[in-house]
Amino acid sequence: MRRGRGRIFPRLAHRMDLGTARVVKAIIFVIKKRHLKFLLFFLLVLLGVALHKPVGRLVYPFPFREEIEMRSEYAGVDPQLVAALIYVESKFDPKARSTKGARGLMQIMPETASWVGAQKSLSLKVEDLDRPEVNIPIGVWYLSYLFREFNGDRVLVLAAYNAGGEKVKTWLSSGAWTGRVDDLHSIPYLETRRYVAKIMRTYYLYRYLYNHRG
């Protein structure tokens with residue numbers, strides 16, 4: 001009996017050793033697999049962090065940047081705000097037209113361009129507004145004028161750029177709108193409400209994506 005038992009127990013021990021080894025190998029495999037998944041996830045996060053700005057700049061480009069920054073600096077206007085306005089107005093298409101007759105990158109109305117031209121002693125033709133080297137200086141100068149008119153209030157300036165300065169002043173004086181960004185729903189014109197909100201959102205994106213040159 002002892003000899004038989006002695007033969008049986010080593011076999012059981014051997015089988016248990018094999019089973020334990022397989023379990024250990026399985027555990028190591030699972031751990032390695034989890035580590036691999038974690039490593040892949042970590043690499044994807046790093047890749048996302050590294051590429052989110054380049055990808056964002058593909059979605060929100062900044063053509064004519066040199067001209068916009070030069071004119072904006074001279075006029076005292078934030079170039080990222082100008083870029084956001086152009087993106088919303090024309091998607092940077094120099095030949096853009098609106099149904100109301102606005103033209104070019106900054107969607108300037110011919111009568112507005114004529115008024116700005118008179119202030120700057122410039123002789124302008126309507127078709128000149130299709131040229132970025134004309135449209136950008138005119139639009140930036142007009143924005144600068146609106147900033148002076150509305151004491152540097154960005155929200156009021158954007159509303160005035162869309163609806164007209166006199167209209168915005170009427171809303172403010174009548175109490176129809178407080179002029180605050182959290183009160184945009186009170187603006188009588190739905191188009192202007194959406195316009196201001198959209199440019200403000202786009203502006204913060206441009207500030208984030210292009211806060212430094214390069």
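The values are calculated or read from the model by the stated rules, or taken from the named source; none is laboratory data. Nothing here was measured: the structure is a model prediction, and the numbers come from that model. Cβ placement follows ideal geometry from the backbone for every residue including glycine, while neighbour counts extend to all protein chains displayed.
Taking the conditions exactly as written (in contact (Cβ under 8 Å) with a residue 40 or more places away in the chain and of a type in the set (Asp, Glu)), does Glu111 satisfy them or not? Write out each step before concluding.
Values: in contact (Cβ under 8 Å) with a residue 40 or more places away in the chain: no; of a type in the set (Asp, Glu): yes.
It is false that Glu111 is in contact (Cβ under 8 Å) with a residue 40 or more places away in the chain and of a type in the set (Asp, Glu).
Can you name the condition, by its number, that Arg194 falls short on among (1) touching a helix residue (DSSP H, G or I) at 6+ places or on another chain (Cβ under 6 Å); (2) in a helix (DSSP H, G or I)?
For Arg194, the failing item is (1).
For (1) in contact with a helix residue (DSSP H, G or I) (Cβ under 7 Å, 6 or more places away or on another chain); (2) modelled with pLDDT of 55 or more, each residue gets a yes or a no:
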{"residue": "Arg3", "(1), (2)": "no, no"}
{"residue": "Arg15", "(1), (2)": "no, no"}
{"residue": "Lys25", "(1), (2)": "no, yes"}
{"residue": "Leu43", "(1), (2)": "no, no"}
{"residue": "Val88", "(1), (2)": "yes, yes"}
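Hey, among Leu105, Leu146, Leu124, which residue is closer than 19 Å to Tyr189 by Cβ and either without any contact (Cβ under 8 Å) to a residue 24 or more places away in the chain or within 24 Å of the chain's Cα centre (by Cα) (or both)?
Leu146
Suppose we keep only residues that are in a helix (DSSP H, G or I) and aliphatic (A, V, I, L, M) within region 124-143. Which one would you say is surrounded by the fewest Cβ atoms within 10 Å (Cβ to Cβ)? Step through it out loud before you land on a result.
Start the filter on region 124-143 by keeping residues that are in a helix (DSSP H, G or I), which leaves 126-130, 132-143.
With aliphatic (A, V, I, L, M) added as a condition, the list becomes 126, 129, 134, 136, 138, 140, 143.
Numbers: Val126: 12, Leu129: 26, Val134: 21, Ile136: 23, Ile138: 25, Val140: 25, Leu143: 24.
Here the answer is Val126.
Hey, does region 81-91 have a residue that's small (Gly, Ala, Ser) and either outside any helix (DSSP H, G or I) or surrounded by fewer than 20 Cβ atoms within 10 Å (Cβ to Cβ) (or both)? Give the derivation first.
From region 81-91, those small (Gly, Ala, Ser) are 83-84, 90; that's our starting set.
Now restrict to residues that are either outside any helix (DSSP H, G or I) or surrounded by fewer than 20 Cβ atoms within 10 Å (Cβ to Cβ) (or both): none.
No: region 81-91 contains no residue that is small (Gly, Ala, Ser) and either outside any helix (DSSP H, G or I) or surrounded by fewer than 20 Cβ atoms within 10 Å (Cβ to Cβ) (or both).
Which one of Arg207, Arg213, Arg194 is at pLDDT below 95 and of a type in the set (Lys, Arg)?
Arg213
Go through (1) surrounded by fewer than 18 Cβ atoms within 10 Å (Cβ to Cβ); (2) not in a helix (DSSP H, G or I) and name the single condition Trp177 misses.
The failed condition is (1).
Which residues, counting only those in region 127-143, are over 24 Å from the mean Cα position of the chain (by Cα) and of a type in the set (Ser, Thr, Tyr)?
Listed by number, the list is empty, since nothing qualifies.
Across region 92-110, which residue is farthest from Phe147 (Cα to Cα) among those that are basic (Lys, Arg) and not in a loop (DSSP other than H, G, I, E, B)? Break it down into steps so the answer makes sense when it comes.
To start, the set of residues in region 92-110 that are basic (Lys, Arg) comprises 95, 97, 100, 103.
Applying the additional criterion that residues be not in a loop (DSSP other than H, G, I, E, B) yields 97, 103.
Values: Arg97: 25, Arg103: 22 Å.
Residue satisfying both the conditions and the ranking: Arg97.
Might you check whether a residue that is touching a helix residue (DSSP H, G or I) at 6+ places or on another chain (Cβ under 6 Å), assigned to a strand (DSSP E or B) and either at pLDDT 95 or above or more than 19 Å from Tyr87 (Cβ to Cβ) (or both) occurs anywhere in region 111-123?
So far as region 111-123 goes, no, none of its residues is touching a helix residue (DSSP H, G or I) at 6+ places or on another chain (Cβ under 6 Å), assigned to a strand (DSSP E or B) and either at pLDDT 95 or above or more than 19 Å from Tyr87 (Cβ to Cβ) (or both).
Which of the residues spanning region 197-214 are surrounded by 12 or more Cβ atoms within 10 Å (Cβ to Cβ) and outside any helix (DSSP H, G or I)?
Correct list: Tyr210 only.
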